[in-house]
Amino acid sequence: MKADAAAQQLLLDLQKLDTKAAQLDHRDKTLAQRVALDELKVRIQRIHDEHVAAGVIAGDLERDQARADSDVEQVRERATKDQVLLDSGQISDPKQLLNLQHELQSLARRQGELEDVELEIMDRVEGANAAVREFADRYAKATAEGAILQAEVDELLAEIDAERQNTIVDRKELSARIPADLLALYERIRVDGGGVGAAHLHRGQCQGCRLQLPPNEIEQLRATPDDEVVRCEDCRRILIRNAESGL
Ligand SMILES: [Zn+2]
């Protein structure tokens, strides 16, 4: 294939743009802040679940406590009633009096037991509420961290996108100045060649595959007209010759 030597040089600029576009895509995909944000989102979800679970436990315990409070209250009311009756002097039957005194003793015992239960539940409610507060705190901190990280990611992606748009515009402009057949050849090689379609021949070395051309091939290239499109023997990429090619 033949192509104007100046047009062939443009392939190196085009290659730079394509390499830049590939780097931008890679940067987009592997953005450390986004990886961190994805991890943080998983952590936030976990904290949220733990917060909800702790809230359920605290709610159950609070219901237990209300029940324990009411149990104690019932026994206390009954004892008060009995005490009032005892103090009123209305009961004169000794057997009845004795029964009443026994009941008061047994109610006092019962009240003591229920109050122990009540205290134990109160302790547990306190512990459960502390856990709820801790999860709420951790959730708030993590979501605040997430918002900062999200803003960073958005900003970086906007930067990448802006650069990408510039690259697209530049590429369109540059492609228009390259003959269609040369451009098509470049595109085909680029797709097959891991993103590199054209390589500079620098001091006898192909910059696409780093092959140092043997002296006889360099000699051969020296005799090849400038408008002849040459390919690397090894990687088959278009070799771009210029003043630094060592020819
Ligand atoms: Zn090569």
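Points worth noting:
- For ARG177, the requirement of being over 40 Å from the mean Cα position of the chain (by Cα), of a type in the set (Lys, Arg) and farther than 11 Å from LEU11 by Cβ is not met.
- Residues of region 225-235 that turn out to be within 13 Å of the ligand (Cβ to nearest atom) and surrounded by 14 or more Cβ atoms within 10 Å (Cβ to Cβ), as a count: 4
- So LEU40, is it hydrophobic (A, V, I, L, M, F, W, C), within 26 Å of the chain's Cα centre (by Cα), surrounded by 15 or more Cβ atoms within 10 Å (Cβ to Cβ) and assigned to a helix (DSSP H, G or I): yes
- Residue count for region 201-224 under the criterion of being of a type outside the set (S, T, N, Q), without any contact (Cβ under 8 Å) to a residue 40 or more places away in the chain and more than 8 Å from the ligand (Cβ to nearest atom): the result is 9.
- Meets criteria (under 44 Å from the mean Cα position of the chain (by Cα), under 30 Å from ALA53 (Cβ atoms) and modelled with pLDDT of 95 or more) for VAL125: yes
- Of all residues in region 180-200 being more than 9 Å from the ligand (Cβ to nearest atom) and in a strand (DSSP E or B), the one that is surrounded by the fewest Cβ atoms within 10 Å (Cβ to Cβ): HIS200
- Selection from region 77-102 of residues that are of a type in the set (D, E, K, R) and surrounded by 15 or more Cβ atoms within 10 Å (Cβ to Cβ): ARG78, ASP82
- Being part of a helix (DSSP H, G or I), outside the structural domain of VAL196 (by TED's automatic domain parsing) and of a type in the set (Ser, Thr, Tyr) holds for only one residue in THR19, THR80, and it is THR80.
- Screening region 236-247 for residues that are outside any strand (DSSP E or B) and closer than 14 Å to LEU185 by Cβ and picking the one that is nearest to the chain's Cα centre (by Cα) gives ARG237.
- Selected residue (only one of LEU185, LEU211 is more than 23 Å from HIS26 (Cβ to Cβ) and out of contact with any Cys (no Cβ under 7 Å at 6 or more places or on another chain)): LEU185
- Single unsatisfied condition, THR143 versus (1) within 30 Å of ILE160 (Cβ to Cβ); (2) free of Cβ contacts under 8 Å to residues at least 24 places away in the same chain; (3) among the hydroxyl-bearing types (Ser, Thr, Tyr): (2)
- Top-ranked residue of region 236-247 - restricted to ones that are within 11 Å of the ligand (Cβ to nearest atom) and not β-branched (Val, Ile, Thr), ranked as surrounded by the most Cβ atoms within 10 Å (Cβ to Cβ): ARG237
The values are calculated or read from the model by the stated rules, or taken from the named source; none is laboratory data. Just so it is clear, the structure is predicted and the values come from calculations on it, not from any experiment. Reconstructed Cβ throughout: ideal geometry from the backbone, glycine too, with neighbour counts over all protein chains shown.
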